[in-house]
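Q: Below is a structure I'd like to ask you about.
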Amino acid sequence: MAKRHHNQKGNLESLFLHMEELVLANSGEDEFEEVFKLLIAKLWDERSQQSRFHCHSTDEVTFEAIAKLMQQAEKEWSGVLDDVKPRLTPEHLAICVDAISKHNISNDSLDVIDSFFEFIVAKSAKGAKGQYFTPRHVVELCVRILQPASSETVLDPACGSGGFLLHALSFVRRNERLDSVEELQNFCGEKLWGFDIDARAIRVAKALMVLAGDGNSNIIRLNSLLKPEMVGLFNNTDEPNLTIEDICRSRIKRHKGFDVILTNPPFAGEIREKHFLDCYTLANKKYRVERDVLFIERCLELLKPGGRLAIVLPHNKFAGNSFDFLREWVLKKARILAVIGLGRHTFLPHTHQKASILFLQKNHPSMKISPDYNIFFAISEKDGKNSKGQFILCESALEMGDAWDTIDHDFSEITENFTRFLRQENINFKD
Ligand SMILES: C[S@@+](CC[C@H](N)C(=O)[O-])C[C@H]1O[C@@H](n2cnc3c(N)ncnc32)[C@H](O)[C@@H]1O
């Protein structure tokens, strides 16, 4: 028997609701931005052992002390904060500071902070523009199937809050016993790459990477669908016009493509700009194309030969007649390793869309594949959520465990069957 998920974010979530009731709702400011800044200031205060995050002699003195912590945090963790000044009045700020000062963020696990960020992002964005977090047990499934190693570059070109990068990091850490700070920082600094078009998502991802122990992650705001041949067309806009290739050229030695890409592009949205469509084969001279279709082509382009991709896609890409051309194109470019169908509640409450995950390995000249090779197919029958999109926990789960261990899903069985499939088919990712 499974049980309903009870507020795993516990204290932080009720703390937020309390502050919302007291001041945030009537402040006229963006609740997410103000709470996010306060949490970062508190985290910096704890990390730097200053003990300055509390109410001082007057509200104005408190305001100055908190503003200073925000500035220092941004200096240390560049790009985590956009605005280093509280926007709340000193009176309102002091009420929030008093509430948060009793909480010790360093005592919270990364999972707790992660799901708290999800809670406040969802509250302010309401799933707008497909900017919801990928459920963490789905993220972990992708990582366990593709098994990234510390010697490999890992990319998420639609990284959002950085879920895939965080889980890749903890997988490598566990799997290879990467314990020293130096090893960890080298891996994060050289191998983990995350890009997203949304400024807020980038800040959340950076903050979570800081919490995971990496102060200097490669998380950058840009439009991942932008290709080198398109740059120059955007000089008059506010949109970022760097490409992933620009970043790789300047920061990665002898870059021949990424070893592993793990991603969940937005399910919704179409691209209509002609200069984008002209650069994508899969646009196929159409005047509008679904954004995830372009993401598939872009991911295959960014992978090195022999590199592996896990991409979460809406079900129509796997079954719809109108996407025959897409499936044929992918089959020519790569070996399909697996397709895993997810349950219909998996992405609730954000979207009702049914989704599957495509796993593949990009063609490599030395890859020998028979024309009728086998593909691993699985359908999850336990998606770990109820019809309202609330998590269902295993009966034996501890409230504080991570998503993989606590949520009632059947992904462990799927992963074991996939490992057996790899052995039977004699597939070795490291060949
Ligand atoms: C479903 S969310 C990814 C969630 C992420 N895996 C996580 O767990 O937080 C899709 C993300 O794609 C980003 N995105 C959409 N179009 C993009 C583009 N052209 N370039 C880069 N990122 C884009 C959105 O901003 C959003 O954060």
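The values are calculated or read from the model by the stated rules, or taken from the named source; none is laboratory data. Computed from a predicted structure; not experimentally measured. Cβ sites come from the backbone with ideal geometry, for glycine too, and all protein chains shown count toward neighbours. Surface accessibility is based on the protein's heavy atoms, side chains included, excluding ligands, DNA and RNA. Shrake-Rupley method; radii C 1.70, N 1.55, O 1.52, S 1.80 Å.
Q: State yes or no: is Ala338 assigned by TED's automatic domain parsing to the domain that holds Glu245, in contact (Cβ under 8 Å) with a residue 24 or more places away in the chain and not hydroxyl-bearing (Ser, Thr, Tyr)? First the steps, then the outcome.
A: Working: assigned by TED's automatic domain parsing to the domain that holds Glu245: yes; in contact (Cβ under 8 Å) with a residue 24 or more places away in the chain: yes; not hydroxyl-bearing (Ser, Thr, Tyr): yes.
In short, yes.
Q: Still on this structure, I have one more. Out of everything in region 138-162 that is surrounded by fewer than 22 Cβ atoms within 10 Å (Cβ to Cβ) and either over 23 Å from Lys256 (Cα atoms) or of a type in the set (Gly, Ala, Ser) (or both), what residue ends up being nearest to the ligand (Cβ to nearest atom)?
A: Filtering region 138-162 for residues that are surrounded by fewer than 22 Cβ atoms within 10 Å (Cβ to Cβ) and either over 23 Å from Lys256 (Cα atoms) or of a type in the set (Gly, Ala, Ser) (or both), the one nearest to the ligand (Cβ to nearest atom) comes out as Arg144.
Q: Please go through region 127-137 and give me each residue that is within 7 Å of the ligand (Cβ to nearest atom) and in contact (Cβ under 8 Å) with a residue 40 or more places away in the chain, ordered by number.
A: To start, the set of residues in region 127-137 that are within 7 Å of the ligand (Cβ to nearest atom) comprises 129-134.
Across region 127-137, the qualifying residues are Lys129, Gly130, Gln131, Tyr132, Thr134.
Q: Looking at (1) farther than 18 Å from Asp196 by Cα; (2) buried (at least 19 other Cβ atoms within 10 Å of the Cβ); (3) touching a residue at least 40 places away in the same chain (Cβ under 8 Å), find the lone condition where Val121 falls short.
A: Failing condition for Val121: (1).
Q: What tally of residues in region 176-207 results from selecting those that are open to solvent by less than 10 Å² (accessible area, probe 1.4 Å), more than 9 Å from the ligand (Cβ to nearest atom) and farther than 23 Å from Asp259 by Cα?
A: 1
Q: Given (1) surrounded by fewer than 17 Cβ atoms within 10 Å (Cβ to Cβ); (2) touching an Asp or Glu at 6+ places or on another chain (Cβ under 8 Å), where does His103 come up short, assuming only one miss?
A: Status for His103: all satisfied but (2).
Q: For His92, are the conditions met, namely being more than 16 Å from the ligand (Cβ to nearest atom), surrounded by fewer than 17 Cβ atoms within 10 Å (Cβ to Cβ) and at negative phi?
A: Considered against the rule, which asks whether it is more than 16 Å from the ligand (Cβ to nearest atom), surrounded by fewer than 17 Cβ atoms within 10 Å (Cβ to Cβ) and at negative phi, His92 comes out as no.
Q: Residues in region 76-83: is at least one free of Cβ contacts under 8 Å to residues at least 24 places away in the same chain, within 19 Å of Ala201 (Cα to Cα) and not assigned by TED's automatic domain parsing to the domain that holds Arg203? Give the steps one after another, and end with the answer.
A: Of the residues in region 76-83, the ones free of Cβ contacts under 8 Å to residues at least 24 places away in the same chain are 78.
Filter once more, so that each one left must be within 19 Å of Ala201 (Cα to Cα): 78.
Pick out the ones that are also not assigned by TED's automatic domain parsing to the domain that holds Arg203 and you get 78.
Yes, region 76-83 contains at least one residue that is free of Cβ contacts under 8 Å to residues at least 24 places away in the same chain, within 19 Å of Ala201 (Cα to Cα) and not assigned by TED's automatic domain parsing to the domain that holds Arg203.
Q: While we're looking at this one, here's another question. What is the residue count in region 163-175 for residues that are charged (D, E, K, R) and either open to solvent by less than 10 Å² (accessible area, probe 1.4 Å) or within 16 Å of the ligand (Cβ to nearest atom) (or both)? It would help to see each step written out before you state the result.
A: Step one: filter region 163-175 for residues charged (D, E, K, R), giving 173-174.
Filter again for either open to solvent by less than 10 Å² (accessible area, probe 1.4 Å) or within 16 Å of the ligand (Cβ to nearest atom) (or both), leaving none.
Number of matching residues: 0.
A quick yes/no check of all residues on (1) open to solvent by less than 10 Å² (accessible area, probe 1.4 Å); (2) among the hydrophobic types (A, V, I, L, M, F, W, C):
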| residue | (1), (2) |
| --- | --- |
| Leu309 | yes, yes |
| Leu358 | no, yes |
| Met367 | no, yes |
| Asp372 | no, no |
| Ile375 | no, yes |
| Lys382 | no, no |
| Ser387 | no, no |
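Q: Go through the residues of region 13-26 one by one and say whether even a single one is assigned to a helix (DSSP H, G or I), touching a Leu at 6+ places or on another chain (Cβ under 6 Å) and acidic (Asp, Glu). Quick ask: steps written out before the conclusion?
A: Start the filter on region 13-26 by keeping residues that are assigned to a helix (DSSP H, G or I), which leaves 13-26.
Next cut, touching a Leu at 6+ places or on another chain (Cβ under 6 Å) only: none.
The answer is no; no qualifying residue exists.
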